[in-house]
Amino acid sequence: MKKKPEIFILKVLSLSLFLYVLWYWRGESYSLSVIVGFLKHLFWTFGMRIKVLWYPKELYNNIIPFISLMLITEDIEIGKRILKLVIGVSVLVGYHILLSVVVGLFYNDYQIPPSALYYKLKVPFYLFSQTLPFLLWAILAKKNLLNLFMPKKVLAIK
Amino acid sequence: MKPSEHRKEKQEIKQATRKAKKEILRFYLLFPVFLFIIFFVYPFISPYFNSQLVTISSWTAGLLGFILNLFGINAHTSGPVLALNKLSIRVVSDCLGLSEILILISVIVAFPANYKKKLLGILFGIPVLYLINLLRVLFISVLGNWNPKTFNFMHIYFWQVAGILIVGGIWFFWIEKIVKYEKETRDIYS
């Protein structure tokens, strides 16, 4: 990270705010219809009869911070940036689907949501979902983070 | 610069890069492990601290009510509940910034630095995060009182990102101002 971190954070926040408005307006309903459609198809393919499809939709919006972070990060070639965006978004969508399958199955088999255990497990999953886009960004933008791990003396020579 | 000095500098950069690459890999491994441990332990131990959390929530609600009244906004509190004209909110443990504090602890503990600096980062980060959360609850309460729809948007969507980015900001600050200083002195005197 060459520029001051606070400027980077402000830029990411501003872009996220804009993207969240779009997400709130249209994106969420579209992504929900795609994921729910896929899940129904998946359950039907495996011969599972799901009475009520319950999914943790509040965990799906973590795509926004990942996109903002990848777009604002400097010194990434356009081709690499697109590739990293595709990889990250695919991992996040895969995580959403996996989480939804687990929650859907638990809900149907054990009626888990009303239980105390569900609420206990919901907290770590919620926190993990919040952190996952940042973790993905830290891995995919490794070169940009490397300077944080270098001593100031060496950075000055560089 | 003499060629020998230039060669020495180049070698120093190479060594530092190699060391940084090792440290970043260690960080990638440790951070998710600490996150997972803290996240899974937290919900199971938090009921034992329930009364303390309710007390802190009630203090926070009282403080928020006091600040709002100070700015001429009519607010009443009853325990952890803060009531404005059009909006009533219950201050819960999440409003205290607990999840952000847990993430900050994980990210600081996973970073290569000595225990003193880590402790300093945690002790500095917790009150800062609490204060920022206080400002956040203040801001979204006023916003929600004005327009309840914006309350949901800011609370459920936007703040989730803002909270973690602020954690990132505190982490960057800690690395630049505390850890890097430590690295400098360690390199000079070792």
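FYI, it's all coordinate maths here, none of it is from the lab. Predicted model, so just to flag it, every value in this text is computed and none were measured. Cβ coordinates were reconstructed from backbone atoms using ideal geometry, including for glycine residues, and neighbour counts include every protein chain displayed.
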Over chain B: helical MRE at 222 nm, DSSP H runs n ≥ 4 each giving -39500 (n - 2.57), nearest 500: -25500 deg cm²/dmol
For the range B:51-125: relative contact order, % (alpha-carbon pairs under 8 angstrom, 6 or more apart): 23
Long-range amide H partners of B:Ala113 with built H, under 5 Å: none
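For each of A:Phe43, A:Phe149, B:Phe71, B:Phe44, count neighbouring Cβ atoms within 10 Å of the residue's Cβ, then give the residues from fewest to most.
Details: A:Phe43 17, A:Phe149 22, B:Phe71 9, B:Phe44 12.
In order of increasing Cβ crowding within 10 Å: B:Phe71, B:Phe44, A:Phe43, A:Phe149.
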Footprinting exposure proxy for A:Thr73, B:Thr17 (fewest neighbouring C-beta atoms within 10 Å first): B:Thr17, A:Thr73
Per-residue HN-Hα couplings for the range A:37-43 [Karplus 6.51, -1.76, 1.60; θ = phi - 60°; Hz; x = Gly/Pro]: x, 5, 5, 4, 4, 5, 4
Rel. contact order, % - alpha carbon contacts under 8 angstrom, at least six apart, chain B: 19
B:Leu30 paired with B:Phe173, simple spin-label distance in nm, labels 7 Å along Cα-to-beta-carbon: 2.3
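Within the range B:13-120, which trypsin sites (Lys or Arg not before Pro) sit in a loop by DSSP and count at most 13 neighbouring Cβ atoms inside 10 Å?
On the way: sites: B:Lys14, B:Arg18, B:Lys19, B:Lys21, B:Lys22, B:Arg26, B:Lys86, B:Arg90, B:Lys116, B:Lys117, B:Lys118; in loops: B:Lys86.
Counting only loop positions with at most 13 other Cβ atoms within 10 Å, the trypsin sites (Lys or Arg not before Pro) in the range B:13-120 are B:Lys86.
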Table column - 3J(HN,Hα) (Hz), the range A:8-13, Karplus curve with 6.51, -1.76, 1.60, x for Gly and Pro: 4, 5, 4, 5, 4, 4
Length released on extending from B:Tyr115 to B:Lys21, taking residue separation times 0.36 nm less the Cα-Cα span: 31.7 nm
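Of B:Lys117/B:Lys180; A:Lys143/B:Lys117; A:Lys4/B:Lys2, which ones are farther than 22 Å apart at the Cα? Don't skip to the answer; put the middle values down first.
Numbers: B:Lys117/B:Lys180 10 Å; A:Lys143/B:Lys117 25 Å; A:Lys4/B:Lys2 33 Å.
Those over the limit are A:Lys143/B:Lys117; A:Lys4/B:Lys2.
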Per-residue ³J(HN,Hα) for the range B:29-40, Karplus 6.51 cos²θ - 1.76 cosθ + 1.60, θ = phi - 60°, Hz, x for Gly and Pro: 7, 6, 4, x, 5, 5, 4, 4, 4, 5, 5, 7
Rounded FRET efficiency, nearest 0.05, which uses the C-beta distance separating A:Lys40 from B:Leu131 and R0 of 45 Å: 0.50
Euclidean distance between Cα centres, the range A:1-33 to the range B:81-111, Å: 21
Pairs from A:Lys11/A:Lys152; A:Lys152/B:Lys14; A:Lys84/B:Lys10 whose Cα-Cα separation, in the structure shown, is over 19 Å: A:Lys11/A:Lys152; A:Lys84/B:Lys10
